[in-house]
Structure formats: structure tokens, C-alpha cells
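Asks: The structure under discussion is supplied below as C-alpha cells; questions concerning it will follow.
The values are calculated or read from the model by the stated rules, or taken from the named source; none is laboratory data. Computed from a predicted model, the values in this text were never measured in an experiment. Glycine gets a Cβ as well: all are built from the backbone with ideal geometry, and neighbour counts include every protein chain shown. What goes into the accessible areas is simple: the full protein's heavy atoms, side chains included, and nothing from ligands, DNA or RNA. Shrake-Rupley method; radii C 1.70, N 1.55, O 1.52, S 1.80 Å.
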Amino acid sequence: MGAPFKKFEAHASGGPRIREIPMRMVLPNLVTVLAICAGLSGIRFAFENRFETAVVMVLLAAFLDGIDGRLARMLKATSKFGAQMDSLADIVNFGVAPALVLYAFLLDRAGSPGWIAALLFTIACGMRLARFNVLTDETDQPVWQSEYFVGVPAPAGAVLVMLPLYLSFLRLGLEPSRPVAFIASGFTVLVAFLLVSRLPVYSGKSVKIPGDRVLPVILAVVLYVLLLMAYPWYTLTASVAGYLLFLPFSVRAYSKRAMREGEKVPPSDIG
């Protein structure tokens, strides 16, 4: 993100000192720090067996982590410092926090396989974020391909991997047990592979809403938020199911677009 931190002056105690930073430059970094605090607090609540609060904190961290960059661009407050801070926050909020909360709640009952699954998810998230940073700098790809993520994005992976917690909170008889822990470990590994896969996932960045549909879209978003507040675990479970069902359609749309553009799609790009 940009480079506004350019004014330095010598300081008697050693090292340069940054001068006169506008408040608008501080706000995005403050949101990033709050996101880290929320993610780490989620881990703390998990250790205290307050798992519903822990999940809420992790989701809050994911939300804050998702808006800090947009806030920086909106305020024209992008900086190299903010970019580095955001990358470090991503691995905590999307990788470490969800994995540890899930492990404390369920995966530990599977023993070493559960811990291996949690580690794989965290490592996959770090690799996914690193690949995203690298691909962001590439400028030789066709414009239409920028409409697709390569692999499931890290925020979505964090929401997906906590599905076993949502199901347990629904009080449908799915109690934490050793067999359930092994199933959850397998699901965690699956999500890890989705993160590092070459699966083309539509990002929706280029979607434009016709003027006559703006109000219905706003109403639909408000309805979703209200459902999330009133029935959080049902809504999150349905959202995860809907996202997983959406992935094959995303692959199909990518393949059709590539054929329309007259480009050959390597198998690695759709699997």
C-alpha cells in the first residue's frame, strides 16, 4: 500500500523519527491492530471454554481484517507499513486463531491427527496469503482473470474451517467426540487443500449493480445481517454450504470464459 511515510529527521537517541502523520493514516492501522486483538482474544476465550464467544471474536477479527485495506484506499492512506502490518494480521486472524479455536473445541480429541490437521490449515493459510501477495504484483495476466481468486481466499477459509463449531452450537446432537473429531480433522485438511489449490474462485470485484436493483440488493444484505444476528449458527452453516456449492459453478464459469477469450485453460487452473 503506497509510501506516505517519507519525512524523516535525525534523532539524538538514534534512528530516524517519523514526523507529522495525519490521523487518516493511523485509522487503517488501528483497525488492523484491533483485528489482531480480536483474533487473539478468540484464542483466549477458547482456552476458557467460552467457545461461542471465541467464534464471534474470530469472525469479528476476519471482518475487521477485511475492511482495513478498503478503509486505507478510501482514505487514500495506503502505506508500505500498513501493507506489512495487514499481512501479519492475516496469518493470525485467518490461520492461527481459527485453527487453535477449533483444536481446543474438538480436534484435540483426535490426538496427533487433530493437531496435524490444525497445523496444515495454518500453514496452508500462510502459503495462500504469500501467493496472493505475489500474484497481486503480476501485471501480465489477462484483465478478466483478475476477477478470480486462485484458490479459496483466506477469509473464506477461516469461516469454512469452523463449520464443526457451528453445527455443534445448533444443538442437533453433534457433540464433541473422538469419531466426530476425526471427521472434523479430515474436513480441516480439505479446507487447507482448497486454500492452496489452483481452484478459480469468482471474486465478484467487477460486479456492477443496475440502478433499479440497488434497493433490493441493500434489502437482501440487511436481511442477511439480521438473520446473522438472530440465528447466527444456522445462518453461518447455510452460508458455508452455499459457498461450497458455489465453487463448482465458479470453475465452470472460469472455463467458459477462458474458451470465450480463446485461451487454453491448463488443468492446474481448474483443479
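Asks: So which of PRO179, PRO200, PRO164 ends up being touching a strand residue (DSSP E or B) at 6+ places or on another chain (Cβ under 8 Å) and either free of Cβ contacts under 8 Å to residues at least 60 places away in the same chain or crowded, with 20+ Cβ neighbours inside 10 Å (or both)?
Replies: Result of the check over PRO179, PRO200, PRO164: PRO200.
Asks: Scan region 97-112 and tell me whether some residue there is open to solvent by 30 Å² or more (accessible area, probe 1.4 Å), within 16 Å of ALA154 (Cβ to Cβ) and at pLDDT 80 or above.
Replies: Yes, some residue in region 97-112 is open to solvent by 30 Å² or more (accessible area, probe 1.4 Å), within 16 Å of ALA154 (Cβ to Cβ) and at pLDDT 80 or above.
Asks: Now, a different point. Return only the number of the condition from (1) modelled with pLDDT under 85; (2) crowded, with 18+ Cβ neighbours inside 10 Å; (3) of a type in the set (A, V, I, L, M) that ALA124 does not satisfy.
Replies: ALA124 satisfies all of (1) modelled with pLDDT under 85; (2) crowded, with 18+ Cβ neighbours inside 10 Å; (3) of a type in the set (A, V, I, L, M) except (1).
Asks: Restricting to region 74-104, name every residue that is in a helix (DSSP H, G or I), over 22 Å from THR188 (Cβ atoms) and without any contact (Cβ under 8 Å) to a residue 60 or more places away in the chain. Before the answer, list the steps.
Replies: Filtering region 74-104 for residues in a helix (DSSP H, G or I) gives 74, 80-104.
With the extra rule that they be over 22 Å from THR188 (Cβ atoms), the set shrinks to 74, 80-88.
Scanning region 74-104 gives MET74, GLN84, MET85, SER87, LEU88.
Asks: Restricting region 246-261 to residues that are over 18 Å from the mean Cα position of the chain (by Cα) and either under 24 Å from LEU223 (Cα atoms) or open to solvent by 70 Å² or more (accessible area, probe 1.4 Å) (or both), which is modelled with the lowest pLDDT?
Replies: Step by step, filter region 246-261, then rank; the result is GLU261.
Asks: Consider ALA54 carefully, then state whether it is open to solvent by less than 70 Å² (accessible area, probe 1.4 Å), at pLDDT 80 or above and not aromatic (Phe, Trp, Tyr). So that I can check it myself, show each step before the final result.
Replies: On the way: open to solvent by less than 70 Å² (accessible area, probe 1.4 Å): yes; at pLDDT 80 or above: yes; not aromatic (Phe, Trp, Tyr): yes.
When the stated conditions are applied, ALA54 passes them.
Asks: For region 205-242, how many residues are loosely packed, with under 10 Cβ neighbours inside 10 Å and touching a residue at least 40 places away in the same chain (Cβ under 8 Å)?
Replies: Adding up the residues that qualify gives 1.
Asks: Scan (1) surrounded by fewer than 21 Cβ atoms within 10 Å (Cβ to Cβ); (2) farther than 26 Å from ARG198 by Cα; (3) not hydroxyl-bearing (Ser, Thr, Tyr) for the single condition ALA130 breaks and write down its number.
Replies: In the conditions (1) surrounded by fewer than 21 Cβ atoms within 10 Å (Cβ to Cβ); (2) farther than 26 Å from ARG198 by Cα; (3) not hydroxyl-bearing (Ser, Thr, Tyr), ALA130 misses (2) alone.
Asks: Can you give me the number of residues within region 198-224 that are within 29 Å of LEU165 (Cβ to Cβ) and either under 18 Å from the mean Cα position of the chain (by Cα) or among the polar types (S, T, N, Q) (or both)? Give the derivation first.
Replies: Quick first cut of region 198-224, residues within 29 Å of LEU165 (Cβ to Cβ) only: 198-204, 220-224.
Then keep just the ones that are either under 18 Å from the mean Cα position of the chain (by Cα) or among the polar types (S, T, N, Q) (or both); that gives 198-204.
Counting residues in region 198-224 that are within 29 Å of LEU165 (Cβ to Cβ) and either under 18 Å from the mean Cα position of the chain (by Cα) or among the polar types (S, T, N, Q) (or both) gives 7.
Asks: Based on what the data block shows, is GLY2 open to solvent by less than 50 Å² (accessible area, probe 1.4 Å), within 21 Å of ARG131 (Cα to Cα), in a helix (DSSP H, G or I) and at pLDDT below 75? Outline the logic, then answer.
Replies: Details: open to solvent by less than 50 Å² (accessible area, probe 1.4 Å): yes; within 21 Å of ARG131 (Cα to Cα): yes; in a helix (DSSP H, G or I): no; at pLDDT below 75: yes.
Criteria not met by GLY2.
Asks: A further question on this structure: Could we say that TYR148 is closer than 17 Å to ARG198 by Cβ, open to solvent by less than 70 Å² (accessible area, probe 1.4 Å) and among the hydroxyl-bearing types (Ser, Thr, Tyr) here? Write out each step before concluding.
Replies: Numbers: closer than 17 Å to ARG198 by Cβ: yes; open to solvent by less than 70 Å² (accessible area, probe 1.4 Å): yes; among the hydroxyl-bearing types (Ser, Thr, Tyr): yes.
When the stated conditions are applied, TYR148 passes them.
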